[in-house]
Amino acid sequence: MRLKSIHHIAIICSDYQKSKDFYVRILGLNPLREVYRKERDSFKLDLEVNDHYQIELFSFPNPPQRPSYPEAAGLRHLAFAVADIEEVVAHLTLHKIKVEPIRNDPYTNKKFTFFADPDGLPIELYEN
């Protein structure tokens, strides 16, 4: 068996319109298709990152909270590669997104930082 790549990441949000605005307008992800699944009372929005289908954004009625801090077991964070971390941080700050101070990875000497989506999902920016 050989895995080829990550196909997609699924995110369940508590406020679909707020999260859709965050991922599309603020982060700039491109919507590929949006469907309403009546049987589940759920929207599903497929998003692409740099011409690759990568994120499914879901809404469900009353999803349970998932602990994120302090370092709960399970998926830790979502990370995006960026060319210029200062430029992206300035963009996020302009949209009133709180971003942690930029740090250097001690192993690669690359810059990185974290911020959160509307539901508190930790998102990392990692400069290539």
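Helix 85-94 versus the longest principal axis of the chain: what is the Cα-based angle in degrees, 0 to 90, to the nearest 10?
The angle comes out near 50 degrees.
Give the residue from Pro63, Cys13, Asn50 lying farthest towards the positive end of the charge dipole for the chain; charges sit on Cβ (+1 for Lys and Arg, -1 for Asp and Glu) and the dipole is referred to the Cα centre.
Most positive-ward Cα: Pro63.
For Ile12, what is the net charge nearby, where nearby means another residue's Cβ is under 14 Å from its Cβ and Lys, Arg count +1, Asp, Glu -1?
For residues surrounding Ile12, the net value is +1.
What span do the alpha-carbon atoms of region 75-128 cover on each of the three principal axes, reported in whole Å from largest to smallest?
30, 27, 16 Å, listed from the longest principal axis down.
Taking N as the number of residues in region 1-63, what is its Cα Rg relative to 2.2 N^0.38 Å?
That ratio works out to 1.18.
Need the full-extension length gain, Lys98 to His8, defined as separation in residues times 0.36 nm minus the C-alpha distance. One decimal, nm.
29.8 nm
Considering region 1-113, what Rg and Dmax in Å follow from its alpha-carbon atoms?
16.0, 49
Counting only C-alpha contacts under 8 Å and six or more residues apart, can you give the relative contact order of the chain as a whole percent?
Answer for the chain is 22 percent.
List the lysines whose Cα lies under 19 Å from the Cα of Lys44, skipping any in the same chain that are fewer than 8 positions away.
Excluding near neighbours in sequence, the set is Lys18, Lys20.
Let me check I've understood the local charge: for Asn109, count other residues with C-beta under 13 angstrom from its C-beta, Lys and Arg +1, Asp and Glu -1. What total comes out?
+1
Read the figures in this text as sums done on the coordinates, not as results from a lab. Bear in mind that the values here come from a model prediction, so they are computed numbers and not experimental data. Glycine also receives a Cβ, built like all others from the backbone with ideal geometry; neighbour counts cover every protein chain displayed.
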